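These notes concern the structure reproduced below.
FYI, it's all coordinate maths here, none of it is from the lab. Source: prediction; values computed, not measured. Cβ atoms come from the backbone with ideal geometry, glycine included; neighbour counts cover every protein chain shown.
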């Protein structure tokens with residue numbers, strides 16, 4: 001089965017956060033591949049992986065990195081399709097440096113950027129991108145969002161019924 005999404009973690013220490021994107025892809029039954037590669041420590045491996053992913057039909061790449069976070073930008077410079085960057089919380093600036101370096105790309109090399117450590121949104125954004133050309137996936141996405149709305153409705157009704165103190169005791 002062709003992988004639709006490739007995921008690159010800059011380090012194995014990033015995998016617990018990156019796993020949230022993977023869970024979304026699995027929930028939507030989207031084939032993916034995942035690797036560890038660094039823009040700085042293994043630049044040729046990164047480029048080779050990206051070029052191979054494109055040849056093999058990958059439609060979206062998700063890249064997560066912390067600190068200087070150049071991974072998503074390097075990937076975007078070698079991949080002609082959408083790249084989603086996940087800035088990861090780390091270091092003295094707690095991910096703000098990664099956020100800025102991921103989103104502040106030069107003209108012509110865009111990287112869609114989610115919030116710090118928000119890999120779940122990266123997974124959902126990948127699903128949304130793929131759903132633009134897959135009606136079945138679009139329908140699954142609509143159902144997912146309806147389920148989210150229903151969950152909030154149920155929580156609101158419970159809060160209104162029991163009051164905030166009892167609501168919080170049950171959490």
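Can you give the FRET efficiency to the nearest 0.05 for residue 138 and residue 33, using r as the Cβ-Cβ distance and R₀ = 22 Å?
Efficiency, rounded to the nearest 0.05: 0.40.
DSSP assigns beta bridges within the chain; of those with both partners inside it, close to 0 percent run antiparallel. On the basis of the beta-carbon distance and an R0 of 22 Å, residue 94 and residue 23 show a calculated FRET efficiency of 0.40.
Helix 135-169 and the longest principal axis of the Cα set of the chain meet at an angle near 50°. Rounded to the nearest 10 degrees, the inclination of helix 43-55 to the longest alpha-carbon principal axis of the chain is 70 degrees. In the Gaussian network model of the chain, springs joining C-alpha atoms below 10 Å, which of 75, 34, 127 carries the largest mean-square fluctuation? Looking only at 75, 34, 127, the biggest GNM fluctuation is shown by 34. The helix-only estimate of mean residue ellipticity at 222 nm for the chain, built from DSSP H runs of length n ≥ 4 each weighted as -39500 (n - 2.57), is -17000 deg cm²/dmol after division by the residue total.
The shape of region 5-133 comes out rounded: with a ≥ b ≥ c from the C-alpha gyration tensor, a/c is under 1.5. Rounded to the nearest 10 degrees, the inclination of helix 119-131 to the longest alpha-carbon principal axis of the chain is 80 degrees. Peptides 155-163, 77-85 ranked from most to least packed, by the mean per-residue count of other Cβ atoms within 10 Å: 77-85, 155-163. So the label point goes 7 Å from the Cα of residue 145 along Cα→C-beta, right? Which residues of region 11-27 then have their backbone N under 19 Å from it? Residues 24-25, 27 qualify, since their backbone N sits under 19 Å from the label point.
The alpha carbon gyration tensor of region 72-171 gives principal lengths a ≥ b ≥ c with a/c of 1.5 or higher and a/b no greater than b/c, which makes the shape oblate. Computed from the C-beta positions of residue 45 and residue 155 and an R0 of 45 Å, the FRET efficiency is 0.50 to the nearest 0.05.
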